[in-house]
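Inspection log for the structure reproduced underneath, given as C-alpha cells.
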2 protein chains.
Amino acid sequence: MSAESAPRPGARGHGAEPASGAAPRRGRRRDAEATRRALLEAAGALFDERGFDRATIRDIGERAGVDPALIARYFGGKEQLYIAALADEGRIARRQPQVADLHAIAERLLARWDRGGTSPVRRALSDPAPADPDQRALLRRIMRPGVIDPAKEAVGGEEAALRAELFLALLLGVSAARSNGTLSAVANASRAELLRQLGPLLDALADAPPRADAPDAPPADAPDVPPPADAGG
Amino acid sequence: MSAESAPRPGARGHGAEPASGAAPRRGRRRDAEATRRALLEAAGALFDERGFDRATIRDIGERAGVDPALIARYFGGKEQLYIAALADEGRIARRQPQVADLHAIAERLLARWDRGGTSPVRRALSDPAPADPDQRALLRRIMRPGVIDPAKEAVGGEEAALRAELFLALLLGVSAARSNGTLSAVANASRAELLRQLGPLLDALADAPPRADAPDAPPADAPDVPPPADAGG
DNA sequence: AGCCGATGTCTTCGGTTGATGACAAAGCGC
DNA sequence: GCGCTTTGTCATCAACCGAAGACATCGGCT
C-alpha cells in the first residue's frame, strides 16, 4: 500500500492519450478550456454510442485523453457532464441556419443521429429520463429551442406541436432501430434509401389536417384514456 | 457480522412477498412452474420499465415475490432471463389472431408498448444490442415471427420488408418518446389522439410506392406463412 | 418411517462504478 | 527566487451488482 519506497518522480505524462491535436497552442500545456471541450466531445460520442449507464467516466476520460477525475472537477459529476453535453449540442444545433423544410430537417437530424453520430440528443429523448424532476424540466428546456421548435415551425398547421414531436419520434425510432440492428432492413439500408422511403411520411405529417370528420373530436387535448381492457399480455 | 449467536430457526417464509395468488393449488406450496412464470412476468415489466441495466435481479425477485437467486437456478442468469422474457412475449404475440390492417396492428402494438405496458420487446429493438453475435441473431429470430412478419404482411407491396420495419421504428420511437417524457406533447396526448395523428402516416407507409416510376404491383397476395421456426425455450 | 431429489433462503465474493481527497507539477505575479 | 492559484495525477473508498454456493425445508416414494 504505502508508496514510500521509491521517490517516484511524480507521474508526468502518463495519465492518458497525449491528445495530440493540431492545436498550435504550445504555450499552454495546461488548458482548462481545451480539457473541458475534449471532455464534452468525448462524452457526447460515448453517451450516444452506449447510453448513459454504459458510458463510464473512465472510458470518457480515456477517449478525451484526460483523467476521469477532471469530470468531477469541471462539471461536478457524471450526470452534470451529461447535461452539459446536451446543452452544448443544443447550442450547436441552434447555430445552424434554420431550414423550414421537413425533408431537410430530417436529413440533417438523421445525419446527426445516425451511426457514427456523436449526439447524445437522441438518447435524451428516448432513454429513461432522470429521476429528478428539476433535471427533467431542464432537459425539456434544453431540447426545445434547438430541436423541437424548428420542427414545429416546419410542420405548421394545426396541432403543429404534436405533429412536430411525432416527426421527431419517427426519426428517433429510426435512429434507434438502426443502431440496435435487430430490424435488419432498416439497419442495413443506406441513408439515402431511408430518406426516400420516409418522404411520403413526412408529406403526410406536414399536410394532413388531423381532424376532418372526427365524430366526437374534442377540440382540446384531453388526456383521457379509455379503459383499454385489452387482454393482451 | 458473525451470525452465530442465535440458533436462528432457518428462514421460514420471510424471503419475499407471499405471492398470494389466486392459485387453488394448495397441494403444492412449492411450484417451480409458478415461480418461473412469476419471474418472467416481473422481468418483462421491469425490463420494459427501466431497461436491462437498471433492472436488477434483486428488484425482479422482489416484484415476483421470489428470491433473486432462483433466477440463476431457473434461467442461468440475468441475460438468459431477458432472452426468455422476450421469447415468452413473442410467443404471446404469435398466439393472437393475425390482422392484416396496419392501423389495427399499430393500435395493438401501441397498447402493448405504451405506458404501463409490460413488454421488453420495445427495448429489445432500441436499446444497445448485446455484444454476443449469437445472442443478436437469437434476438432477430425471436422478433421475426411475432413482430416483424405480421407487419410485413400488412404493408405488402414493394420493399415491404424495409417499410414494415420503418413502421415498427415509428411506433418504437413514439413509445420511447412517450415513456421518456421530454417530448411533452407526445407524452401527454391520449392514445386515441396519437393514433388519429398517426393515421395518414400509416396510409403513406402502406400505399406509397417507393419509386415514382414503378407500376403498381399486381395483387401479389402470397399469404404464405413461413415455417414457425419456433425458438421458444 | 426414512431417504432423497426438488425447491427455496441466505451469505458471501469478485468486479465495476462514481466519487473524493491527497499529492504533484505548472503557470504567474511579485 | 518565492509563494499562491490553477491544472493534472493517483490511490482509495463506499455502494451496488451479478453470480455462486452452503444450508434449510418440503414432499413424494419405497
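Summary table
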quantity: Solvent-accessible area per residue, Å², over the stretch B:62-195 with all protein chains present [probe radius 1.4 Å]; calculated: 37 Å²
quantity: Percent accessible area from carbon and sulfur atoms, the stretch A:97-210, protein chains only, probe 1.4 Å; calculated: 50 percent
quantity: Local net charge near A:Ala204, Cβ-Cβ under 14 Å (Lys/Arg +1, Asp/Glu -1); calculated: -2
quantity: Rounded, prolate or oblate (a/c below 1.5 giving rounded, otherwise prolate when a/b exceeds b/c) for the stretch B:96-210 by Cα gyration tensor; calculated: oblate
quantity: In the A-B interface, the accessible area buried, summed over both sides, Å² (probe 1.4 Å); calculated: 4800 Å²
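The values are calculated or read from the model by the stated rules, or taken from the named source; none is laboratory data. Given the structure is predicted, the values throughout are model-derived calculations rather than measurements. No Cβ is skipped: glycine too gets one built from the backbone with ideal geometry, and neighbour counts run over all protein chains shown. We work out accessible area using only protein heavy atoms, side chains counted, and drop any ligands, DNA or RNA first. Shrake-Rupley method; radii C 1.70, N 1.55, O 1.52, S 1.80 Å.
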